[in-house]
Amino acid sequence: MNRLCKPGNFFVSALTGLVLATSSVHAADTPTAIAGESTIVIVERCNKYIESAHWFYRDYQWSLSITPTTCARRTQESGTPFIWNELTRDYSNGRYWKNTHGMRHQLICHMEIARDKPQWNLEPWRPDVGYSKTLEAGCNHVIPLPEKAP
């Protein structure tokens with residue numbers, strides 16, 4: 001079997017700019033894999049996802065204000081890693097960058113419920129409470145999860 005065609009690998013078409021990804025359980029790498037255990041996902045790739053971003057100080061806290069490109073606003077859930085990769089590549093060297101899991105959840109939340117807002121504000125000071133609670137709080141969770149007693 002061609003290595004690029006094995007489940008779990010990506011194939012990038014130079015002609016169309018599309019990324020094809022296959023995924024399945026580990027058993028799909030074996031010759032006994034059952035047909036239908038993998039999925040091909042076609043993801044539109046943008047040349048650029050972040051038009052601009054800058055840190056600003058509001059209510060005694062630092063926030064990263066992101067202006068996404070038009071293409072980024074069209075990006076579906078399967079393309080989220082591409083936006084996050086560009087964001088971390090270009091902006092994670094700032095001294096206020098921290099709480100990456102919480103910021104990633106905020107980014108995905110903005111793509112889910114605030115896609116058309118002019119800017120998406122990611123706030124590293126917000127507690128990482130997981131994606132579902134971030135979504136429930138409209139991307140702006142302020143109460144941390146209770147910690148278990150020692």
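Here, each number is a calculation from the coordinates, and none is a lab measurement. What you see is a predicted model; the values in this text were computed from it and never measured. Positions of Cβ are generated from backbone atoms using ideal geometry, with glycine treated the same way; all protein chains shown enter the neighbour counts.
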May I ask for the net charge around M103, where only other residues with Cβ less than 9 Å from the Cβ of M103 are counted and Lys, Arg are +1 while Asp, Glu are -1? +1
Could you compute the net charge surrounding D116? Neighbours are other residues with a C-beta less than 13 Å from the C-beta of D116; K and R count +1, D and E count -1. +3
Would you mind computing, in nm to one decimal, how far apart the modelled labels at R89 and E112 are, each placed 7 Å from Cα along Cα→Cβ? 2.6
Need one number: nm distance between label points at Y57 and N140, each 7 Å from Cα along Cα→Cβ, rounded to one decimal. 2.1
Which order do Y49, Y57, Y91 fall in if you start with the one that has the fewest other Cβ atoms within 10 Å? Y57, Y91, Y49
Does segment 71-144 come out rounded, prolate or oblate, given a ≥ b ≥ c as the square roots of the eigenvalues of its C-alpha gyration tensor, rounded meaning a/c under 1.5 and, failing that, prolate meaning a/b above b/c? oblate
Vicinal HN-Hα couplings computed from phi for segment 68-76 (Karplus, 6.51 cos²θ - 1.76 cosθ + 1.60; Hz; Gly/Pro x): x, 6, 4, 4, 4, 5, 7, 5, 8
In terms of modelled amide H atoms, which long-range or inter-chain residues lie less than 5 Å from the amide H of V43? V19
Can you tell me how much longer the chain between H101 and K48 gets when fully stretched, taken as 0.36 nm per residue apart minus their C-alpha distance, in nm with one decimal? 16.9 nm
